[in-house]
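The values are calculated or read from the model by the stated rules, or taken from the named source; none is laboratory data. Please read all numbers here as calculations on a predicted model, not as lab measurements. Here the Cβ is made from the backbone with ideal geometry for all residues, glycine too, and neighbour counts use every protein chain on show.
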Amino acid sequence: MAAPSEGGSRGSCRISSYKGLLNLCPTFAGMVRSKIVGYVAFTFIGYFTIGLALAILPVFIDQDLGYGTMVAGLVISTQYVTTFFFRAYGGGVVDKRGPKPAVVQSMIGFTISGVLLFIASLFHHHPALSLVAILCTRLVTGFGEGLLGASPINWAILAVGEEETARAISFNGIASYGALAVGATCGAILQRHFGLGIVGLLILFAGLLGLVLARRKTALRAKSAKERQPFLTVLKQVTPYGITLAMGGLGFGAISTFITLYYRYLHWDGAVLGLSLFSALFIIGRLIFGPSINRHGGLKTAIVCLVVETAGLFVLWQAGNPWMALAGAGLTGLGFSLIFPALGVEAVRLVPASNKGAALGGYGLFIDLSLGVTGPLIGFVASSFGMRYIYAFAMIVVMAGLGVAVGLSRKLAPSV
């Protein structure tokens, strides 16, 4: 893209590039941001439904149904396994038919998951039946998340241009983790006062709202003269960045899935507050430091973020009181904030426009893989070494991801 040129009197918008237009016309830049928000709102709706169940199901399975920590981790993780398998399908739908059909299908999945969770609440006194219904809920939720994945991001990029890829990915992440924080808090409050059934009904209505809004929005499709590459070819290209993302994502998975059980084990209150602070600092990190991706490069930004995330997990591991643990969770969220968009921008640059959906879908597979193995892996660590060591283990994995990122940076340094 050509560099922007400025001209004319003060306040003039006579420029020769899209980027210049954004820099010189704050009103236009605000319109672009608003347009992106209009698409990533679907991400907020989807992850709000996920967050509603996230904070309550591990405890419900462990304590109310009596199946223990390991089973709770396995059942929660089935969502991410299903998401993993449907990422490729979702990316194909985006590249062939556009993002709208993928978003519509995802909202249908979330709607059905709400129905299933409500059914699970009805079988509260029949643990086996309730567990089966919850398992089905997680599988359908994984389908919805897999189809949602990169769809709103691609929809936004098609609407505002590829120059806004980093911004679209960042806003999408703010929507997802913000929704998880809001959903987790709402879910915990509703379950405490009204029971699991009301949470299922709220998920049902949220899914229906997203479905109605998606069907009303204009469909867009990418136009590219280049032939689409096979998904496995695209996946191979984004794999180095995906592996780094997967290792960094284990810190988030350990907090989102096990922080309620961790606090309960230590007889602390405020686990939902820890998850909320994680998400809040995640959002703040993206809002304040998001421009650093374009300014310093994706890999350099990711390396700094992985260092901060490692430090946060260390504080959480060493925490002697809930306030110190809260600080560790927040620091981890700040560190994790830019890892996905920083590495994602580098990954998407490797493929033509006709494969952007597949690239983001393939790249997203690795966070699903990370979250999918987090439940049983952290559950194994807790069972074998004690609950106190789960965040030490997560810290070691994130440090390994830091090593991969440094290796990628050194490998690409001569060509920069």
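Of the helices (runs of 4 or more DSSP H) lying entirely inside region 270-375, those carrying at least 3 residues that are within 24 Å of S77 (Cβ to Cβ) are 271-289, 298-318, 322-336, 339-348. Filtering region 210-222 to residues that are assigned to a helix (DSSP H, G or I) and surrounded by fewer than 24 Cβ atoms within 10 Å (Cβ to Cβ) leaves L211, V212, L213, R215, R216. Considering (1) free of Cβ contacts under 8 Å to residues at least 60 places away in the same chain; (2) crowded, with 22+ Cβ neighbours inside 10 Å, the lone condition that Y47 does not fulfil carries the number (1). Note on region 337-388: among residues that are closer than 22 Å to G142 by Cα and aromatic (F, W, Y), the one that is surrounded by the most Cβ atoms within 10 Å (Cβ to Cβ) is Y363.
Every residue, every condition in (1) over 20 Å from the mean Cα position of the chain (by Cα); (2) modelled with pLDDT of 90 or more, yes or no:
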| site | (1), (2) |
| --- | --- |
| D64 | yes, no |
| I76 | no, no |
| V81 | no, no |
| G98 | yes, no |
| F110 | no, yes |
| F118 | yes, yes |
| A128 | yes, yes |
| C136 | yes, yes |
| L139 | no, yes |
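Taken over region 73-111, the criterion of being touching a Pro at 6+ places or on another chain (Cβ under 9 Å) and over 12 Å from G149 (Cα atoms) is satisfied by G73, L74, V75, I76, S77.
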